[in-house]
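Q: Below: one structure in structure tokens.
Just so you know, all these numbers are worked out from the coordinates, no wet-lab data involved. From a predicted model like this one, the values you see are computed outputs, not experimental measurements. In this analysis, Cβ positions are derived from the backbone assuming ideal geometry, glycine residues included, and neighbour counts consider all displayed protein chains.
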Amino acid sequence: MDAYVEKDAVEVSEEGLRPPGEPPVTAAESSPVTAAEDSPVAPVADPSGAPAAAPSGAAAEDQASTPAEDLPGAPSEAPPSADKVAGVGIMGLSLPYQVVVAVALAVVAVFTCVHLAMVFLHVAPSNTLTKRHGEAVSDWIYPEFEQNWKLFAPNPLQTNLSVEVRAELTPGADGGRRTTAWIDLTAQDIEAIRHNPMPSHSQQNQLRRAVDFLLNTHTDDNRPNGMRGTLSEQYMRRLAMLRLDALEGPAGGSLGPEVRRIQLRTVSRLVPAARWSTEKNRTTPSYRDFPWWTITQADRSAGSDTSRTEAGR
Amino acid sequence: MSMSPATPARAREPFDRRLARGVQAVTGRTLAPYQSAIVRIGFSLTWLLFLLRELPYRHQLYGPDGPWSWELAQRLIADNRAFTVLMWSDGRLWFEIVYGLAVLSAALLLVGWRTRAVSVVFMVGVLSLLNRSVFVGDGGDNVLHLAAIYLVFTRCGRVWSLDARRAAREERAARAGEPPRRDVVGPLLWVVLGGFLLAATWFGDVSGEWWVPVLLWVLWLGNGLWWLVCRLAPGEPRTLLDALANLAHNAVLVVIMAEVCLIYSTAGWYKIQGSRWQDGTALFYPLHLDYFSPWPFLSDLLGSSGVMVMLLSYGTVIVQVAFPFTLFNRKVKNVLLVVMMAEHAGIAVLLGLPVFSLAMISADAVFLPTAFLVWLGARVVRGRDRLLKRTPTESSDESPAETLPEQRRTGEEHGPRTLVG
């Protein structure tokens, strides 16, 4: 192999690309050709092409330029210096193995192209192809390659959406109906995020995205549109109950166990226009009320159950 | 990442020669070892920090009795067929084990211990937790989810890893004529993981698409085959497997780079269509959303100038749309890379999204120039040595890096600095 590399190096310098004796280029900018010229034997000395020994990767590139392909002789005739690894890449192999690698290369190439095309179609707007073959794209992408990069696009969100909840409690000693005031759950999140360099997903995403999920899976008259709608309702109930469990009820213990029904409403407040802006926008909030939901055992976490028994003790 | 300018020699070379050279390159070499290593380090660090940060909230986010309960998740997963081992049991102990293993795999991937095997465990951990509760994630989780899958195919532990250190040590020993040390840990790890895989397949309850278990089996068998071949047939069969591994690595590297381009293209081109990005006021709004303003004073300060908001809004769109095209020019690409990483660093603080930002910076890092990465690596090694008061010779596994001239100082410290290698 030494001979082949040297032959190649000679070949290259014969083309007169770079006069010998020119100051050596730094490893970082050296092209494979110059590297081969500067040290024609180097690649053989390190046939494994250990990356650590080739900081810029340029020296390793020599391997690629080792032209074994147009030379007769099986790799088994390699000099003893290459005994640890017979060779690298497709050129270090005999024909049957080369065929295997070639087939693999073709498969990998096709697979890569198809995958990238599918991802492209998945993130692209609806178009002729996705209208015709949307099913195939979805089959390929979902669930593990799903992605959405419309970050603050096409327009950033311009409303602060809050979730408020009120609860109907078990009747008091006088048998009268007791209902709490509206409790702002989003305000709890905001409080936790303020001056927090690394907010938790439970503060920044959980409620925010649960409401998104709820709104996206409900019709305008607040009815769930399918399986995900019912899932989102139970999710919201469980989330609300978790928050209510942490609050103190009128009896002194946790509020959660006393809750029989809850009602949710969302409050939208437009971000007020900037001082430097000429725009004026509505500053009054708009409300959307959801119906009263009865709380069942499935809406309570197992933890709240134990807290009740502890409280009863 | 062959960014090397086309040399006259290449231009004059006949097409078939160039093709052969290309085929040899993608089968014979692990391209961009430093870039894949920094991506590995970046994402494992992101995931590790995330898991540690969420430790107190883990039950609320992913636990069987969290608001998104195990039953709810099961009903959704029956529909979307996502992969998560958390569906195997609704027990609390199982959840703690999975979370613990996820933390462990992130730490091990960070330092590059048995990189390939650990990257598979890492992927299983990431998919299991993120797919378990899909409604608590954001863009950062989305990038991590994709990266965890892609990393499995890469040889991301060739540098800056314990694996690389071990390989260097073994090579030194071989050169000194010492007999190779028997590796016990590798086969043991393989058997343990195989046991898990067998149990999972046996119970037949492997949730998710069919290709996930197939992929796991292929990887497991492939690793075993590699071990056998290295011992019994170090000639051509080994070269063949090596070529296939290189092929997968290089192809997936292209996929990762294309993904980053798609992310920026999507983000940029959709913004162009928005009226707020057109009139240059867009940035004002996220700064005034309660969920994304942990530092109201800073947000107000930045949002107080209309011109500043417009410049930043326009700049964001221009950079995002332009980035994929700048890949054709090394210098412009590097400038935009610095701008984008700086912007993400700003987002981390201003919008309170450090995990998202770190994930995006990790993805961007695939485009960092090798010279910079080598310089960074040398700096980290030197810093570590100074910290541990070691003499350079003791830890000179990466020593060639130290001799490289510091020619490309960008003045920014983007890469997550970790004491590895």
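Q: Once phi is turned into ³J(HN,Hα) by the Karplus curve 6.51 cos²θ - 1.76 cosθ + 1.60 with θ = phi - 60°, what whole-Hz value does each residue of segment A:244-250 show in order, with x for glycine and proline?
A: The phi angles translate into 5, 4, 7, 8, 8, x, x Hz.
Q: Further question: Please rank B:His145, B:His59, fewest neighbouring Cβ atoms within 10 Å first, as an exposure proxy.
A: B:His59, B:His145
Q: Going by how many other beta carbons lie within 10 Å of each one, how would you line up B:Val374, A:Val123, B:Val191, fewest first?
A: B:Val191, A:Val123, B:Val374
Q: A further question follows. Shape verdict for segment B:31-232, please, from the Cα gyration tensor: rounded (a/c under 1.5), prolate (a/b greater than b/c) or oblate.
A: prolate
Q: Ok, one more. Any chance you could tell me what percent of the C-alpha pair distances in segment A:196-313 go past 21 Å?
A: Above the 21 Å cut-off, segment A:196-313 has 52 percent of its Cα pairs.
Q: At 7 Å along the Cα-to-beta-carbon direction for both A:Leu95 and A:Arg288, put a label point, then send me their distance in nm to one decimal.
A: So the two model labels end up 7.0 nm from each other.
Q: Counting other C-beta atoms within 10 Å, which of B:Leu129, B:Leu240 has the fewest, and how do the rest follow?
A: Ascending number of Cβ neighbours within 10 Å: B:Leu240, B:Leu129.
Q: May I ask which of A:Lys280/B:Lys271; A:Lys131/B:Lys271; B:Lys333/B:Lys389 have a Cα-Cα span longer than 30 Å here?
A: With Cα atoms farther than 30 Å apart: B:Lys333/B:Lys389.
Q: Which residues' amide hydrogens lie under 5 Å from the amide hydrogen of A:Ile183, considering only partners 5 or more residues apart or on another chain, with H built in the peptide plane?
A: A:Val165, A:Arg166
Q: Going by the alpha-carbon gyration tensor, a ≥ b ≥ c the square roots of its eigenvalues, is chain B rounded (a/c under 1.5) or, if a/c is not under 1.5, prolate (a/b greater than b/c) versus oblate?
A: It is oblate, given that a/c is not under 1.5 and a/b is not larger than b/c.
Q: Using θ = phi - 60° and the Karplus relation 6.51 cos²θ - 1.76 cosθ + 1.60, list the HN-Hα couplings for segment B:301-313 in order, rounded to whole Hz, with x at every Gly or Pro.
A: 4, 5, x, 6, 10, x, 5, 4, 4, 5, 4, 5, 5
Q: If I take R0 = 56 Å and measure r between the Cβ atoms of A:Val114 and A:Ala187 in this structure, what FRET efficiency does the formula 1/(1 + (r/R0)^6) give, to the nearest 0.05?
A: Calculated value: 0.70.
Q: Can you tell me which of B:Pro234, B:Pro369, B:Pro324 moves the most in a GNM of chain B? Springs connect C-alpha atoms under 10 Å apart.
A: Highest fluctuation of the listed residues: B:Pro234.
Q: Given a Förster distance of 30 Å, report the FRET efficiency between A:Thr179 and A:Gln297 from their Cβ-Cβ distance, rounded to the nearest 0.05.
A: Once the sixth-power term is evaluated, E becomes 0.90.
Q: Using θ = phi - 60° and the Karplus relation 6.51 cos²θ - 1.76 cosθ + 1.60, list the HN-Hα couplings for segment B:270-282 in order, rounded to whole Hz, with x at every Gly or Pro.
A: 6, 5, 3, 7, x, 5, 6, 6, 6, 8, x, 10, 3
Q: Find me the longest stretch of chain B that has none of the exposed GluC sites (Glu not before Pro), where exposed means in a DSSP loop (not H, G, I, E or B) with at most 11 other Cβ atoms within 10 Å.
A: Here the longest run is B:1-405.
Q: Sticking with this one: Please list the non-local residues whose amide H lies under 5 Å from the amide H of B:Leu283, H modeled 1.01 Å from N, same-chain partners needing a gap of 5 or more.
A: B:Ser313
Q: Quickly work out the B:Ala176-to-B:Leu198 label distance, labels modelled 7 Å from Cα along the C-beta direction, and quote it in nm with one decimal.
A: Roughly 3.8 nm, to one decimal.
Q: Spin-label point model (7 Å from Cα, Cβ direction): what's the B:Trp94 to A:Arg261 distance in nm?
A: In this crude label model, B:Trp94 to A:Arg261 measures out at 3.7 nm.
Q: So, one more: Given a Förster distance of 51 angstrom, what is the FRET efficiency for A:Asn148 paired with B:Asp300, based on the Cβ-Cβ distance and rounded to 0.05?
A: For A:Asn148 and B:Asp300, the calculated efficiency is 0.95.
Q: Who wins for biggest fluctuation among B:Ala78, B:Ala200, B:Ala32 in a Gaussian network model of chain B, springs between alpha carbons below 10 Å?
A: B:Ala78
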